[in-house]
Structures are given as C-alpha cells and as structure tokens.
1. Between GLN114 and ARG353, take the C-beta separation as r, use R0 = 22 Å, and let me know the FRET efficiency to the nearest 0.05.
2. Within 10 Å, Cβ to Cβ, of ALA107, how many net charges do the neighbouring residues add up to if Lys/Arg are +1 and Asp/Glu are -1?
3. Within the chain, what percent of beta bridges assigned by DSSP are antiparallel, to the nearest 5?
4. Classify the stretch 78-143 as rounded, prolate or oblate from the Cα gyration tensor: take a ≥ b ≥ c as the square roots of its eigenvalues, call it rounded if a/c is under 1.5, otherwise prolate when a/b beats b/c and oblate if not.
5. Apply the Karplus curve 6.51 cos²θ - 1.76 cosθ + 1.60, θ = phi - 60°, to the phi angles in the stretch 260-276 and return the couplings in whole Hz, x for Gly and Pro.
6. Can you work out ³J(HN,Hα) from phi for every residue in the stretch 150-157, in order, using Karplus 6.51 cos²θ - 1.76 cosθ + 1.60 and θ = phi - 60°, giving whole Hz and x for Gly and Pro?
7. Determine the alpha carbon to alpha carbon distance for each of LYS181/LYS232; LYS148/LYS229; LYS181/LYS262 and list only those over 21 Å.
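Coordinate-derived values only; no laboratory data. Note that the coordinates shown come from a computational prediction; the quantities given were computed from them, not determined experimentally. All Cβ positions, even for glycine, are placed from backbone atoms using ideal geometry, and neighbour counts span all protein chains on display.
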Amino acid sequence: MRIERLELRLLKLPLVHFFETSFGRIDEKHFILVRVDDGGVSGYGECVAEQDPYYSAETNETCWHIIHDFIAPRVLGATFEHPRDVFPALKAIRGNNMAKAAVEMAAWDLHAKQRNEPLSRLLGGTRDRIASGVSIGIQHSLDDLLAKVERELAAGYQRIKIKVKPGWDVDAVRAVRARFKSVPLMVDANAAYSIADASHLGELDGYELMMIEQPLDYDDVSDHARLQKKLKTPICLDESIKTVAIAREAIGAGACRIINIKPGRVGGFGESIRLHDLCASCDIPVWHGGMLESGIGRAANIHLSTLPNFTLPGDVAASRRYFDPDLIDPPIEIGPDGTIGVPPGPGIGVAIREDRVARATLKHAVLEAAHA
C-alpha cells in the first residue's frame, strides 16, 4: 500500500436533536474527514475531534494542522506492508491520537478494499451483527428524559446510557429505574465529579447500574482506584484511557472494571486491537464508545465492535438518530432485536454520498506524493 494522495475536508452536519453532556450542548457536528488514495482505490477515516477542547485537548483546528503539516509528509509516498505500520511511523509526533487515528483508520479501509474484504475480517472480527446501545444526553426535564428512554427502548436498543452531572444524576437514575425497572442502564459523567463526591456517587449503588463511566478527571487513575474501592457499581474508564500503557496501569491499580474503546482516543485500529487484547487477557470486558460520528465513522465502529471481547452493547446506534440525511446511503439501521448488521462490502462497506459530503464541506485540501 502506497499512499499517493491525502484529502482533508472539514464538514458541518446539523444534529437531528441537540446533544448535551456535562461539557455543554451542541446542535451541529463539526469534524474532519480524511481520504487516502492508492491506485484508484480510496479509504476513509473520520476524525472524532470536536470544535472545543473539552472532551480532549485536540480540536478540529489542531487536527487539521497536525495532519496537514506533520502526518501527511510522513505517509505520502510511503509504502506500508500493513496498515498497522502507520501508527508506529508517526511515533515522532507526540500525542495527537485523534489526528493520527483519522489517517490510520483511512489506511485500514484502503487496505481492506484493496484486498476486497470487509474491514471486520482484516481487524480480526468474529461476528456479523453487533449489540447496540444508545446514549441519551441531559434533557430539559425528567419527563423529557423518560419520554426519550421510552422511545429508544421501543426502537429496540439493548442498553440505555444517560449522561449525568452534578444536579442531574441520582434523581434522573431514580426516575428511569422507577419507570423502566430492569432495563440495562448505565451513566456517563464525562469527568464531572471529584473524589470528594464519593459519598454522593455511592447513592447510585442502589440502582443496579451496569457501570458509571468516567466519573472523575480525564487524567486521574489513582483517584478512580480509590473511588472504585468505595463503590459496588463498576467504574468504566473512557477519557483516561489514551494509551495501552495507561490502560495497563489503570487495570493494575484497580481503577476500573470495564473499559470503553474509542479508536480516535488511542490512535486508531492498531492500538484499539492491542487495548482489546490487553483487556481480554485481564478479564476486563470492553465496549465501543461513540463520538456522534457520521455514518462513515459509525460504519468503522461497527467493524471494530466485531472483535470477541466487545461483550457489552456499545454506543453505536442507527444513523438517522443523529443525522438525517447522513453521509451514507442506505443509512445504518437497528434491527428489531437491538442489533446492527456489519456492512458486508469491502472496507467499511458503505456507499458514501459524495454530493452530501460536498454540501457539508467548510474547508478542503488535497495533498499528493511527489513523483520521481
């Protein structure tokens, strides 16, 4: 595989409904789409960085800069035996995993298409459908929250996640449990609490939650270990797990019992596989998180979710829940049994609507390898 051309697009898509977390509320999604080409075949990678540096230090602007000025010169014209070689080739660039992942994942898609096989097979996946859960943002009222949960359960989703923050936590969980009894339920704090809130978070132990995701600061492993000792509810780490090495440290410290894998957070598919394998060896179940991806990034997430240790329903929901129309056609749909089929075509296996991509584009750049 020789990457001859790299295309960057900054896109804007309106959300079907606003999405609110402890970071704030958004009504539209801004993201970078990467395309890499070799011999007339194209691979796509969606960058999960956001406009603001709240979930991560990376933003659309920083990722554009890093890809354009540092990653592209290292991959254009380079020959890679396998896409797993892309991430190590970028070692000189410290951090910036979301920027690296967008290019690395595009290379995996390209390579799978060149081999005429589904991406899931190249990644080592073992299933043709994945269990789907759904993430519900902070709502205007408890009544709105309950109505939203009811709609998502009626749509077939196997697990409900609700976003929480101080002032919107125990009462919200209590209301959902009272109405929906034994529904598989988890909460996601997006690092909104501190260890001083341990007693308050302990109140959640009475509601049989699957997990509480990332309750404490994004770079805090030791306090998560202290908190896990105080809670019956398993802690799942998300923002904290930026590398496989940090995951190993967190597992060894007892800071979590579950890990959320997002390829963008750890640098792409190669590092995600390493993280998946580490967790499997330590009996730590994993599930696939979501970053409000378009159908392009969502399809990639589905393929990764086919690996065997993804044993919990992930945040990989139907396309139209977020974008209508999406950038792919047909959109990703959830089945009546709460599962989503793996797109069967080569690579990520979905048809990208180039006309919709063009309409959503705010900025565009094309970089090409030098030819001798």
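1. Using R0 = 22 Å, I get an efficiency of 0.45.
2. Details: positive: ARG84; negative: ASP38, ASP85, GLU104, ASP109.
So the surrounding residues net to -3.
3. Working: 32 of 53 bridges.
If we restrict to bridges inside the chain, about 60 percent are antiparallel.
4. Oblate shape, in that a/c is at least 1.5 and b/c is the bigger or equal ratio.
5. 8, 9, 10, x, x, 6, 10, x, x, 6, x, 5, 5, 5, 4, 5, 4
6. Using θ = phi - 60°, the values come out as 4, 5, 6, 5, 5, 6, x, 4 Hz.
7. Numbers: LYS181/LYS232 19 Å; LYS148/LYS229 33 Å; LYS181/LYS262 30 Å.
Where the Cα-Cα span goes over 21 Å, the pairs concerned are LYS148/LYS229; LYS181/LYS262.
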